[in-house]
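The values are calculated or read from the model by the stated rules, or taken from the named source; none is laboratory data. Since we're looking at a predicted model, the values are computed, not measured. Reconstructed Cβ throughout: ideal geometry from the backbone, glycine too, with neighbour counts over all protein chains shown.
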Amino acid sequence: MSQLLDIALLAVGASSCGATVWFIANPTLSKWWTRHWVLSRFFGSSHSVPSPKKQEQSSVADFLDAIAREVHSGYSLTLAFVNTAERFTNLAWWTEPISLQCIRGHSLATAIADTSPQNWTADVALATRTLSVASNGGYGIVGALEKSASILREREHVAHERHAQTAQIRLSTAVLSWIPLVICAWVITRQSHTRSFLLQSPLGLLCIAIGLLFNIVGRKWITRIARTST
């Protein structure tokens, strides 16, 4: 009976400790600290400000803006695409097959049509459709490219905002899932009768297995919710 009481107290203590951490951390985490420091420490995201050179080559939207500037300077859309693709090496997996077709004498629309879209993202697909339509000519090429770039940049901004908003959820999940494990390990090392029950009896091993299962399922559930939100 005393062993079951110890287990019940252990569960209540772990839950209380996790709830205390949540109620203390939730109102005190500042907006900047949450978005940058926590992402950097727990999820490997850098909170440093990227240099202008990195920002220039960071997105498909910047690529479209660069093409629009080339076209505005007097280059054809096909030549502007090839010249810009040489500078945005991070998008070579998408632009290189199209550029090779253009260098061989094909129009940009033909090169895009002959390129397989197997690994294209949603942003790349939108940019490709814009380029394909703009390759038909007309006076609205620059405007179409800039409009698509604006849409892509807005998408990127919304995605970053959603990712930052879920940072605190992921932090809370990490805290609430690790604290019970730490307390359980501490109790096992400090109390011989608890160690004997949990590690040497079928019921104790069952308790450990169920606890680990709930812990893993909870982490995956919260991760799925956060991924859906972003």
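Against the conditions (1) over 30 Å from LEU126 (Cα atoms); (2) surrounded by 13 or more Cβ atoms within 10 Å (Cβ to Cβ), where does GLU156 fall short? Just the number, please.
Here GLU156 meets the rest and fails (1).
Can you list the helices (runs of 4 or more DSSP H) found entirely within region 76-122 that contain at least 3 residues being in contact with a helix residue (DSSP H, G or I) (Cβ under 7 Å, 6 or more places away or on another chain) and over 15 Å from ASN136 (Cβ atoms)?
Answer list for region 76-122: 77-87, 92-103.
With respect to the numbered conditions (1) modelled with pLDDT under 85; (2) loosely packed, with under 12 Cβ neighbours inside 10 Å, which one is the sole condition not fulfilled by VAL182?
Among (1) modelled with pLDDT under 85; (2) loosely packed, with under 12 Cβ neighbours inside 10 Å, the lone unmet condition for VAL182 is (1).
Out of the residues in region 201-230 that are modelled with pLDDT of 85 or more and surrounded by fewer than 11 Cβ atoms within 10 Å (Cβ to Cβ), which is nearest to the chain's Cα centre (by Cα)?
Across region 201-230, the extreme among qualifying residues is VAL217.
Yes/no matrix, rows are residues, columns are (1) within 30 Å of ILE98 (Cβ to Cβ); (2) free of Cβ contacts under 8 Å to residues at least 40 places away in the same chain:
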{"position": "THR130", "(1), (2)": "yes, no"}
{"position": "VAL133", "(1), (2)": "yes, yes"}
{"position": "GLU156", "(1), (2)": "yes, no"}
{"position": "ARG170", "(1), (2)": "no, no"}
{"position": "TRP186", "(1), (2)": "no, yes"}
{"position": "SER196", "(1), (2)": "no, yes"}
{"position": "CYS207", "(1), (2)": "no, no"}
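When the residues of region 128-164 are filtered to those that are polar (S, T, N, Q) and part of a loop (DSSP other than H, G, I, E, B), which remaining residue is nearest to the chain's Cα centre (by Cα)?
The qualifying residue nearest to the chain's Cα centre (by Cα) is SER135.
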